[in-house]
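K.L.:
First, the structure itself, so that you have it in front of you.
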Amino acid sequence: MQITATALINGVTYSGTFTRVQPKRFEDLSPEMQADTLASRAKYDAIEAERRAITDAANREAESIARGQPVWFRSAPNVSLLDREQALVQIEEMSELIQSGEADKLPLYTAKGTQTTSNYRQYVYWLQQHVKELEGGHPATDVKV
């Protein structure tokens, strides 16, 4: 099937005729592409499971606080799920906790992709790397918190 499309992007008009390609079934893919697809799905599932675990932990933490119960740990969002502004907010909050000594009172539960940590300084380092990557730079090699 032929599709003709026109788009205006940044003041420039692009147009063309495209052939719509029918998506392939998994069974029709080469063994290499099937393996790549399965590996990608497994990676996504692992990241999604980690995200759910952190979200659940954060929800349990909020519920405990709301009920006036003691909190046994602090959770923070997965670095890889944050945009630049969210990462900067986390850097500021975690740096304040470290400098005030509050970080020593509760263990941290957080991650970067599928890597987990309970170390506040490691988390800040990951956040700083993430911000640099989002800004198009290279990951940081030195960090002062």
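The values are calculated or read from the model by the stated rules, or taken from the named source; none is laboratory data. Computed from a predicted model, the values in this text were never measured in an experiment. Virtual Cβ from ideal backbone geometry, glycine too; neighbours counted across all protein chains shown. Keep in mind that these areas ignore ligands, DNA and RNA; they rest on the heavy atoms of the full protein, side chains included. Shrake-Rupley method; radii C 1.70, N 1.55, O 1.52, S 1.80 Å.
K.L.:
Under 8 Å between Cβ atoms, at least 6 apart or on separate chains: pull out the pairs that start in segment 27-50 with a residue that is closer than 27 Å to THR116 by Cβ and free of Cβ contacts under 8 Å to residues at least 24 places away in the same chain and end on any residue that is open to solvent by less than 100 Å² (accessible area, probe 1.4 Å) and assigned to a helix (DSSP H, G or I).
P.N.:
Here the result reads THR37/PHE26, each pair linking segment 27-50 to a residue that is open to solvent by less than 100 Å² (accessible area, probe 1.4 Å) and assigned to a helix (DSSP H, G or I).
K.L.:
Moving on to the next point. Could you tell me whether TYR123 is open to solvent by 60 Å² or more (accessible area, probe 1.4 Å), touching a residue at least 40 places away in the same chain (Cβ under 8 Å) and touching a strand residue (DSSP E or B) at 6+ places or on another chain (Cβ under 8 Å)?
P.N.:
Numbers: open to solvent by 60 Å² or more (accessible area, probe 1.4 Å): no; touching a residue at least 40 places away in the same chain (Cβ under 8 Å): yes; touching a strand residue (DSSP E or B) at 6+ places or on another chain (Cβ under 8 Å): yes.
No: the conditions fail for TYR123.
K.L.:
Taking the conditions exactly as written (out of contact with any Asp or Glu (no Cβ under 8 Å at 6 or more places or on another chain), of a type outside the set (D, E, K, R) and farther than 21 Å from THR117 by Cα), does LEU81 satisfy them or not?
P.N.:
On the way: out of contact with any Asp or Glu (no Cβ under 8 Å at 6 or more places or on another chain): yes; of a type outside the set (D, E, K, R): yes; farther than 21 Å from THR117 by Cα: no.
No.
K.L.:
Restricting attention to segment 95-117, and to residues there that are under 21 Å from ASP56 (Cα atoms) and in contact (Cβ under 8 Å) with a residue 40 or more places away in the chain, which single residue is surrounded by the fewest Cβ atoms within 10 Å (Cβ to Cβ)?
P.N.:
Per the criteria, the residue is THR114.
K.L.:
Within the group LEU108, LEU81, LEU127, which residue is at pLDDT 95 or above and within 30 Å of ARG41 (Cβ to Cβ)?
P.N.:
LEU127
K.L.:
From GLU32, GLU61, GLU48, grab the single residue that is open to solvent by less than 70 Å² (accessible area, probe 1.4 Å), within 29 Å of the chain's Cα centre (by Cα) and modelled with pLDDT of 85 or more. Spell out how you get there, then give the answer.
P.N.:
Values: GLU32 fails: open to solvent by less than 70 Å² (accessible area, probe 1.4 Å); GLU61 fails: modelled with pLDDT of 85 or more.
Result of the check over GLU32, GLU61, GLU48: GLU48.
K.L.:
Still on this structure, I have one more. Take GLN86 and decide whether it is of a type in the set (S, T, N, Q), open to solvent by 60 Å² or more (accessible area, probe 1.4 Å) and modelled with pLDDT under 75. Talk me through it step by step, then tell me what you get.
P.N.:
Working: of a type in the set (S, T, N, Q): yes; open to solvent by 60 Å² or more (accessible area, probe 1.4 Å): yes; modelled with pLDDT under 75: no.
Against the criterion (of a type in the set (S, T, N, Q), open to solvent by 60 Å² or more (accessible area, probe 1.4 Å) and modelled with pLDDT under 75), GLN86 does not qualify.
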